[in-house]
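Structure, as structure tokens:
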Amino acid sequence: MNAPNKAEVTIIEPQSMAITPMTMLNMAVSQGADLDKLEKLMALQERWEANEARKAFSEALTAFKAEPLTIDKDKHVKFGNTEYNHATLGNVCNVIGAALSKHGLSYRWNTEQNEGKIKVSCVLMHVKGHSESISLEAVADTSGAKNGIQAIGSTVSYLQRYTLLAITGTATQ
């Protein structure tokens, strides 16, 4: 005689399903929610995504800061009685940019001129959309034998270098 068929029992474990605003929005759409309710849920979803992006930005910046960076002062400057070494903008960008990109971060600058002052803002952005910025402003650097355009360029370059260092919390050596 054959053994009786044993019924197979499948145990289904409850899955932990996070209820996100998008989940609630999908449920509301499937239940025919009115436009006002959908707009409120969309606003909630946008706030939730912005908060998630902010947290991802913080995690990425923390990971970036854990990396040991060396930004050497790669240029010697001498004019008149003044003499010093400094890190060029290219050097600062190469070192910081490479390290930032490993963590989904990038940067850009916004430049403005108003009432004789040059303002440079460095914007640090994460791939998930969160960004933060820092600004510095100064007058055109007329030291040395610079013409007007060179004076502006010198100031922009200087402010770009120092806003990038400031927003990333790094320094030259």
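The values are calculated or read from the model by the stated rules, or taken from the named source; none is laboratory data. Quantities reported herein were computed from a predicted structural model and do not represent experimental measurements. Every residue, glycine among them, receives a Cβ derived from its backbone with ideal geometry; neighbour counts consider all protein chains shown. Note: accessible area is taken over every heavy atom of the protein model, side chains too, but ligands, DNA and RNA are not part of it. Shrake-Rupley method; radii C 1.70, N 1.55, O 1.52, S 1.80 Å.
The table below lists the values:
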item: Selection within region 142-161 - of a type outside the set (Gly, Ala, Ser), touching a helix residue (DSSP H, G or I) at 6+ places or on another chain (Cβ under 9 Å) and modelled with pLDDT of 95 or more; result: Tyr158, Gln160, Arg161
item: Any hit, region 132-142, residues being farther than 30 Å from Arg47 by Cα and buried (at least 17 other Cβ atoms within 10 Å of the Cβ); result: yes
item: Subset tally (residues that are of a type in the set (Gly, Ala, Ser) and within 24 Å of Ala60 (Cα to Cα)) for region 100-151; result: 8
item: Region 48-73, residues that are in contact (Cβ under 8 Å) with a residue 12 or more places away in the chain and open to solvent by 80 Å² or more (accessible area, probe 1.4 Å); result: Trp48, Glu49, Arg54, Lys65, Asp72, Lys73
item: In region 155-173, the residues that are aliphatic (A, V, I, L, M) and open to solvent by less than 50 Å² (accessible area, probe 1.4 Å); result: Val156, Leu159, Leu164, Leu165, Ile167
item: Number of the condition not met by Ile152 [criteria: (1) crowded, with 16+ Cβ neighbours inside 10 Å; (2) β-branched (Val, Ile, Thr); (3) farther than 21 Å from Cys93 by Cα]; result: (3)
item: Out of His103, His126, sole residue that is in contact with a strand residue (DSSP E or B) (Cβ under 6 Å, 6 or more places away or on another chain), surrounded by 16 or more Cβ atoms within 10 Å (Cβ to Cβ) and at pLDDT 95 or above; result: His126
item: Ala28 at pLDDT 95 or above, touching a helix residue (DSSP H, G or I) at 6+ places or on another chain (Cβ under 9 Å), small (Gly, Ala, Ser) and surrounded by 10 or more Cβ atoms within 10 Å (Cβ to Cβ); result: no
item: From Asn81, Asn85, residue being open to solvent by 50 Å² or more (accessible area, probe 1.4 Å), at pLDDT below 95 and over 26 Å from Ser133 (Cβ atoms); result: Asn81
item: Search result, residues across region 101-118 that are among the hydrophobic types (A, V, I, L, M, F, W, C), closer than 30 Å to Thr142 by Cα and out of contact with any Asp or Glu (no Cβ under 9 Å at 6 or more places or on another chain); result: Trp109
